[in-house]
Each structure stands twice: as structure tokens, then as C-alpha cells.
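Here's the structure, in C-alpha cells; my notes come after.
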Amino acid sequence: MFSKADLHPTLSSAIDILFPYNFWRYLHFIVDDPGKIKEWKTEYETTGYLKFDSTTFELFSQGYLSASVSDEQTLGMIGDIYNEEEYLLDPHGAISMVAADHHRENLTDLKLICLSTAHPAKFPDVTRKALNTGGSLLAAGMHEILKNAKDKCERIYLCNYSHLEPAVRDAMVSNWKQNRK
């Protein structure tokens, strides 16, 4: 069974989703029937519930393990890894590490790799909370692009909607005429 539940915000915004696109992408690897996948997606979007046939369930179950990870465990893992390895994890990476620890004894014959795909600079409040730094942020929690962005000017372009349609049309016609030459 696959069902939607109420969204409960966590420290890891990428995990706070109601429609897991990567799951549907994974189904494309194991089910060679795009029409069926589209049918399942529509049913799930419409009803918030989907029960897979036993064959499909068995196929996709072979590719997933899951674990529930609390915000406290996430913060604890960020702190532990930083204190032990001097490496600052983002919350998504911390969740994968907690889940990996949860399944470690069942995966003794396998190498376990956790990929961290977000930079901790995206989560300054989480970093401060995990490491109890108060208002300051560690250098590992900063990113040069974010520091530079603070000094940039922001331009705001406003357009009255009544002027937008003719302006777009004129630009398209002008571009079309120029490309025909």
C-alpha cells in the first residue's frame, strides 16, 4: 500500500514531500509499462491511496529499505559526525546515516555508501541547533556563493499585465522577422 499522509515539516525539506517523484522514476526501471505507471500516478494523485499488485510490490520492495528518523536523531548525527570526523553533514545526509545505522546489521555482506547531496549552508539554522553554536555559523556551514550574494544588488522588474501581452507579441514578431532574414 502506498498512501499520502499529512505533511509534517522536518529539518530536511527535501524529505517533506507528498508526491515522491524519485519513487515513480524508480518504478520505470522495474515496470516496463509507462501506461500502467501513469495510471497508478493518476490514481495516487486523485485518491491519495494506491495498492500495488503483489508482483510489482515484490519488485520495488527489493530496491528499498526504509527507516523513520526523528529530528533529534538527525541533529544528533550531525553533531556526532562533526565531533568525530570534523565533517559537517547536511540534514539529508544525516538522515541517510541514521537509516544506514538502523539497517547495518542486516546488510553485513554489503558495502554501505551514503551520499550527501546538499550543502550544509542551505540549512544554517539546523547546523546551529545541531552543534549548539548559538548565533554563529561554522566555516564549514558557509558557502562562498551565499556570502557573495549578500553583497549583490537585487533588481525588481515590474510589469503591468495589460502591457505584457502586447510586449511579448511584439518581441516574438520582431524575433521571427529577424530570423527570416
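Per-structure values
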| quantity | calculated |
| --- | --- |
| Test for ALA14: is it touching a residue at least 40 places away in the same chain (Cβ under 8 Å), surrounded by 10 or more Cβ atoms within 10 Å (Cβ to Cβ) and within 25 Å of PHE123 (Cβ to Cβ) | yes |
| So ALA100, is it free of Cβ contacts under 8 Å to residues at least 24 places away in the same chain and surrounded by 11 or more Cβ atoms within 10 Å (Cβ to Cβ) | yes |
| Number of positions in the stretch 65-93 that are free of Cβ contacts under 8 Å to residues at least 24 places away in the same chain and within 18 Å of the chain's Cα centre (by Cα) | 2 |
| Filter result (surrounded by fewer than 11 Cβ atoms within 10 Å (Cβ to Cβ) and of a type in the set (Gly, Ala, Ser)) within the stretch 18-60 | GLY35, SER54 |
| Residue within the stretch 65-77 that is out of contact with any helix residue (DSSP H, G or I) (no Cβ under 7 Å at 6 or more places or on another chain), in the same structural domain as LEU137 (by TED's automatic domain parsing), charged (D, E, K, R) and over 25 Å from ASP6 (Cα atoms) present | no |
| Residue tally, condition more than 19 Å from the chain's Cα centre (by Cα), part of a helix (DSSP H, G or I) and aliphatic (A, V, I, L, M), over the stretch 17-45 | 2 |
| Contacts under 8 angstrom Cβ, first residue in the stretch 161-179 being part of a helix (DSSP H, G or I), partner not polar (S, T, N, Q), 6 or more apart | ALA167/CYS159 |
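Conditions (1) among the acidic types (Asp, Glu); (2) farther than 17 Å from THR10 by Cα, marked per residue:
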| residue | (1), (2) |
| --- | --- |
| LYS51 | no, yes |
| GLU58 | yes, yes |
| TYR64 | no, yes |
| GLN73 | no, no |
| ASP80 | yes, yes |
| GLU85 | yes, yes |
| PRO91 | no, no |
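The values are calculated or read from the model by the stated rules, or taken from the named source; none is laboratory data. Note that the structure is predicted; figures quoted are calculated from it, not measured. Note that each Cβ is placed from the backbone with ideal geometry, even for glycine, and that neighbours are counted across all protein chains shown.
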